[in-house]
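Q: Below is one structure. I have some questions about it.
The values are calculated or read from the model by the stated rules, or taken from the named source; none is laboratory data. Computed from a predicted structure; not experimentally measured. With ideal geometry, Cβ positions are generated from the backbone for all residues, glycine too; neighbour counts draw on all protein chains shown.
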Amino acid sequence: MEQKKIQTPQAKPGGKGPKFNLSWIYGIIVLILFGTYFFGDRVPMKEIPSYPVFKQFVMDGHIASIEVFPQKNQVEAVVKDSMPSMKAVFGDNYETYAKERKVTVKIPSADKFEEFISEVKFQQVAYKESKNYFELFLYSVLPFLLLILFFVFMTRRMSGQMGGSGGPGGIFNVGKSKAQLFDKGNAANRVTFKDVAGLAGAKQEIEEIVAFLKNPGKYTELGGKIPKGALLVGPPGTGKTLLAKAVAGEADVPFFSMSGSDFVEMFVGVGASRVRDLFRQAKEKAPCIIFIDEIDAVGRSRGKNPNMGSNDERENTLNQLLTEMDGFGSNSGVIILAATNRADILDKALLRAGRFDRQIHVDLPDIHERKQIFNVHLRPIKINETVDVNFLAKQTPGFSGADIANVCNEAALIAARKGKSFVEKQDFLDAVDRIVGGLEKKTKIITQSEKKSIAYHEAGHATISWMLEHANPLVKVTIVPRGEALGAAWYLPEERQLTVKEHILDEMCATLGGRAAEEIFLNQISTGAINDLERVTKRAYAMVAYFGMSEQLPNLSYYDSSGNSDYGFTKPYSEKTAELIDAEAKNIVAEQYKRARKILKQHAEGHNKLAELLLVREVIFAEDLEEIFGKRPWASRHDELILQNGNGSEEEDAPALPVGEVVVDSSAEVMDETTTPDSEKKTPEDTPEKA
Ligand code: NHX
Ligand code: ZN
């Protein structure tokens, strides 16, 4: 795609051509300095070391004329053009000074000298300002020169930071929009809907926008107005930018791309002027699309609380944006797309009809969409027959398009590191593990007793999740340090649309199983459970305060999806309710912990066997658990899938998501603790602290 930076007039073309080189300026300045110093003032002049001697010369009548420089307390004099005078003043080598016959001397003060002059009644005296060129230069030209130099320096530095010379940076371009223009032309790099895998629903909605751009008459003839903007809402990495680009590609119109944070600058008023500039440029190019990424940077709802988090500059920018969106006629052919991952925090004025009145939700891909996305990203990668796209799609629940791209790239790198000529299935599995769990840290020094603690902890998770029907299906357990964790139980979460209470409770129980196992079998508990406990606590509070799932506070939800609660820091419930919430959350956790202990005691033998095996093998898979505990009496959705596809054997080394990291519970996506209403708001889940 042809990619131009806008406002090239000010920018230097490509950084080439006759370049303004800084060292040249330095050179010139140094030359000027030396020049004035040596040549401006250097007529051969004899310095008379003592003032009385000079006075004597005057009194003896050797001096023809005198120039006084009161500021410097200095005097310059011309000696009489006669041999005796010359010899008296200059001594034997008077020939050196013969041309100008000048002497100079320091005087105590101008007043004293004047006194002396009038005493001896000397006539040829002139008073002069300092005529030292060097000082003159120093006082008048140099400051300006330095200033200019500073400016030049700053500009160059700024444009350097903005990615090379010729970029739109620099302080002279401060009020210009930094939008990038992707123009039509170069059809080879054009993004079209074919390049967007998955996102079927969003694509359908956005196709309408393409229709508006291509054929506005069809809609306006019947009296309808073309919408001005659409908001793409969805989690990071789901392809909002790609979708916007595809709209431009399909409609074959210019595409201005800009990030919301580009409006924000340290100078006051810059954001607003950038918005103006952007719209001016867009109107010139209409029909076209303006895409503002991460619009929450400017579009956050304006604070009602004036002293808290209010940001005048940002608000001015937002106001300008609102005005501009109102300003251009709806038929001018400029459509604004904006992306955000949180529509709820945006200012309500932005979402009003006539502005971003349509919201297009871009969700995480489901298993079929992941398959399509994999197919796109696998295109450039050399794979062999072990790689099965269906399998990969199944192993990556909760991954976004960007994550999948990352998996493919990482897999290729892993295979290359191993010196393979093809990327194999195992490389993809390793890549998934790496992205989910972080880097493997085999070199971490772990003592035998620590290792035992880790093994017993992880075996606790494994045992309980094996025994509970609604817990996430376990794939493997490892005691190899990875990322921040020393060990992990890896699950393959079901992609539920709805989570029932039993699921939450069983998962909490399994999560508490680690700590419980440490307590029961090792008689000591460790700080390592911090991550487990944090998640359990948050879930418990969410159950009570958001999902209305407790006995004391049934069917009450203090979740605020509107995001514009007036009660900034105050809770929407009384202190009594707060205490109840605390008590209920505590109850739920305590109950599940008790349950975990009970299950572990029941299956102590199996658990210990598992832990010992884990100590030896370091990695244990689901069928090892099956050997110890026997088959699970219920088929998980996961098993169902395997049965359906008839490739159960492939699951052996399936990677999955470790307890703790990506928990990909799409079910609770809407109101999970992972998507808390507002980060600034104090919610019950904010209470637990890190130890
Ligand atoms: C430490 N790490 O911080 C050491 C290095 C109880 C055997 N001194 O519960 O590794 O103690 O079931 C994401 C995921 C911190 C973020 C896990 C942040 C773990 C992990 C603390 C196993 N597995 N704890 C677990 C663990 C630790 C921690 C995390 C995280 C342990 C436990 C970490
Ligand atoms: Zn744990």
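Q: Where in the stretch 191-259 are there helices (runs of 4 or more DSSP H), lying fully within it, with 2 or more residues that are among the small types (Gly, Ala, Ser) and surrounded by 21 or more Cβ atoms within 10 Å (Cβ to Cβ)?
A: Filter on the stretch 191-259 gives 240-251.
Q: Filter the stretch 424-468 down to the residues that are within 16 Å of ligand 2 (Cβ to nearest atom) and acidic (Asp, Glu) and list them by number. Let's see the steps before the verdict.
A: Narrowing the stretch 424-468 to residues within 16 Å of ligand 2 (Cβ to nearest atom): 436-438, 446, 450-466, 468.
Those that are within 16 Å of ligand 2 (Cβ to nearest atom) and acidic (Asp, Glu): GLU450, GLU458.
Q: Using beta carbons and a limit of 8 Å, which pairs, at least six apart or on different chains, have the first residue in the stretch 215-231 and in contact (Cβ under 8 Å) with a residue 60 or more places away in the chain and the second one among the basic types (Lys, Arg)?
A: PRO227/ARG358; LYS228/ARG355; GLY229/ARG355; GLY229/ARG358; ALA230/ARG358; LEU231/ARG358
Q: What are the residues in the stretch 491-545 that are surrounded by fewer than 18 Cβ atoms within 10 Å (Cβ to Cβ), within 13 Å of ligand 2 (Cβ to nearest atom) and not in a helix (DSSP H, G or I), if any?
A: Those that are surrounded by fewer than 18 Cβ atoms within 10 Å (Cβ to Cβ), within 13 Å of ligand 2 (Cβ to nearest atom) and not in a helix (DSSP H, G or I): ILE525, SER526.
Q: How many residues are of a type in the set (Ser, Thr, Tyr) and over 23 Å from LYS420 (Cβ atoms) if we restrict to the stretch 385-404?
A: Taking the stretch 385-404 as the starting set, the residues that turn out to be of a type in the set (Ser, Thr, Tyr) are 386, 396, 400.
Then keep just the ones that are over 23 Å from LYS420 (Cβ atoms); that gives 400.
Residues flagged as of a type in the set (Ser, Thr, Tyr) and over 23 Å from LYS420 (Cβ atoms) within the stretch 385-404 amount to 1.
Q: Could you tell me which of the residues ILE414, ILE404 is part of a helix (DSSP H, G or I), buried (at least 19 other Cβ atoms within 10 Å of the Cβ) and within 25 Å of the chain's Cα centre (by Cα)?
A: Going through ILE414, ILE404 in turn, the sole match is ILE404.
Q: I'm trying to understand the selection: among the residues of the stretch 424-481, which are of a type in the set (S, T, N, Q), in a helix (DSSP H, G or I), over 30 Å from PRO633 (Cα atoms) and within 13 Å of ligand 1 (Cβ to nearest atom)?
A: SER449
Q: Going by what's in this entry, would ARG482 be described as closer than 14 Å to HIS457 by Cβ and surrounded by fewer than 24 Cβ atoms within 10 Å (Cβ to Cβ)? Please lay out each step first, then the result.
A: On the way: closer than 14 Å to HIS457 by Cβ: no; surrounded by fewer than 24 Cβ atoms within 10 Å (Cβ to Cβ): yes.
So ARG482 fails the test.
Q: Go through LYS420, LYS394 for me and flag whichever is touching a residue at least 60 places away in the same chain (Cβ under 8 Å), out of contact with any Pro (no Cβ under 9 Å at 6 or more places or on another chain) and surrounded by 15 or more Cβ atoms within 10 Å (Cβ to Cβ).
A: On the way: LYS420 fails: touching a residue at least 60 places away in the same chain (Cβ under 8 Å).
Matching residue, one of LYS420, LYS394: LYS394.
Q: Assess whether VAL268 counts as being crowded, with 23+ Cβ neighbours inside 10 Å and of a type in the set (A, V, I, L, M, F, W, C). Spell out the reasoning first.
A: Working: crowded, with 23+ Cβ neighbours inside 10 Å: no; of a type in the set (A, V, I, L, M, F, W, C): yes.
No: the conditions fail for VAL268.
Q: I've got another one for you. Residues in the stretch 330-365 that are part of a loop (DSSP other than H, G, I, E, B) and either modelled with pLDDT of 90 or more or not acidic (Asp, Glu) (or both): how many?
A: Going through the stretch 330-365 one residue at a time, the tally reaches 16.
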